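What follows is a single structure, written as structure tokens, with notes after it.
The values are calculated or read from the model by the stated rules, or taken from the named source; none is laboratory data. Remember, predicted model here, so these are calculated numbers, not experimental data. Note: ideal-geometry Cβ built from the backbone for every residue, glycine included; neighbour counts use all protein chains shown.
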Amino acid sequence: MILRNHETTLQINGEILSFQARHTDTLLFVLREKLGLTGAKPGCLNGDCGACTIDVDGEPMKSCLMLAIEAANKKVTTVEGLKNAPIQKQFMERFAFQCGYCTPGFIMNCHSLIQKHPDATDIVIKEWLESNICRCTGYKEIEDAIKAALPYYKHV
């Protein structure tokens with residue numbers, strides 16, 4: 001069986017983008033290889049690490065587990081689409097990263113967390129951070145970045 005490319009159109013970061021893809025292509029592959037959006041990172045490629053986290057219709061999603069065609073008729077936001085959101089600024093100000101490889105996935109997960117829980121407690125923050133792995137640093141600075149960003153999201 002030959003897998004052929006098909007014209008696919010998705011809404012990504014507020015733009016309608018068309019590209020050629022196979023029905024078996026993951027959203028992570030399409031974002032990086034077809035569209036040049038390299039913020040979502042390949043890590044484990046099985047949904048464990050969270051380096052590939054993006055936002056799909058307001059929900060954090062691991063793009064390595066989602067087929068590109070599943071994103072049809074949905075709003076996809078990558079870290080490139082946040083455009084200096086408060087959580088990004090707080091990650092920088094609080095040094096909530098070391099090597100930076102996992103940072104885009106953490107930022108996307110934290111952005112979704114704050115959107116859903118603008119009054120997030122320490123317990124909620126810790127629960128949400130369980131979906132992402134950082135091998136370089138502790139999570140204290142990431143928690144601090146979330147807490148510092150919370151007030152900015154309450155007024156959005």
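Some values worked out for this structure:
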item	result
Neighbours by Cβ (under 9 Å, 6+ apart or cross-chain): first from the range 24-37, touching a residue at least 12 places away in the same chain (Cβ under 8 Å); second basic (Lys, Arg) and in a helix (DSSP H, G or I)	ASP25/LYS34
Enumeration of residues in the range 51-62 that are of a type outside the set (A, V, I, L, M) and over 8 Å from the mean Cα position of the chain (by Cα)	ASP57, GLY58, GLU59
Within the range 48-85, considering residues that are acidic (Asp, Glu) and in contact (Cβ under 8 Å) with a residue 60 or more places away in the chain, the one surrounded by the most Cβ atoms within 10 Å (Cβ to Cβ)	GLU80
GLY100 being buried (at least 16 other Cβ atoms within 10 Å of the Cβ) and not aliphatic (A, V, I, L, M)	no
Index of the failed condition, ASP55 passing every other in (1) more than 24 Å from ARG4 (Cβ to Cβ); (2) modelled with pLDDT under 95	(2)
Residue in the range 127-143 that is surrounded by fewer than 13 Cβ atoms within 10 Å (Cβ to Cβ) and at positive phi present	no
Counted residues, the range 86-111 - those being touching a residue at least 40 places away in the same chain (Cβ under 8 Å) and under 17 Å from ASP57 (Cα atoms)	4
Which listed residue is of a type in the set (Val, Ile, Thr) and without any contact (Cβ under 8 Å) to a residue 40 or more places away in the chain, from ILE146, ILE114	ILE114
Breaking point among (1) touching a strand residue (DSSP E or B) at 6+ places or on another chain (Cβ under 9 Å); (2) surrounded by fewer than 18 Cβ atoms within 10 Å (Cβ to Cβ); (3) farther than 21 Å from CYS136 by Cα, for PHE29	(2)
